[in-house]
Amino acid sequence: MLSRSSMALHLESDGRVGAAADRELWRHPDPGSTQMYRFLEHVNAKYALRLRDYPALHRWSVDNVSAFWEETWHFVGIKASRPYDEVGHSP
């Protein structure tokens with residue numbers, strides 16, 4: 001399930017921008033068949049986690065920036081002229 005939490009913006013019928021809380025935008029008919037779900041399972045297996053959905057994976061990626069990008073690098077099969085030295089982010 002993909003949803004916007006807190007204050008999601010939407011367009012009112014009169015053209016004004018309004019805010020809606022926790023309104024589901026779309027639901028995949030078979031989330032278990034997606035690459036994102038396979039990535040979630042990969043992260044769960046490697047780090048002994050029990051992430052259940054996109055919001056949990058997103059929280060993990062924010063809390064574990066280096067690990068997230070390392071796993072993304074390998075999972076999507078990025079090819080480079082040399083391996084990365086470290087994963088970092090700006091303060």
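Table for the structure above
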read-out	value
Charge dipole magnitude, Cβ of K and R +1, D and E -1 - the stretch 34-91, Cα centre, debye nearest 20	180 debye
Computed over the stretch 34-91: relative contact order in percent, which uses C-alpha pairs under 8 Å that are six or more apart	27 percent
Value of Rg/Rh across the stretch 34-91 [Cα atoms, Kirkwood radius]	0.98
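Read the figures in this text as sums done on the coordinates, not as results from a lab. All values reported here derive from a predicted model rather than from experimental measurement. Every residue, glycine as well, gets a Cβ built from its backbone with ideal geometry; the counts of neighbours run over all protein chains shown.
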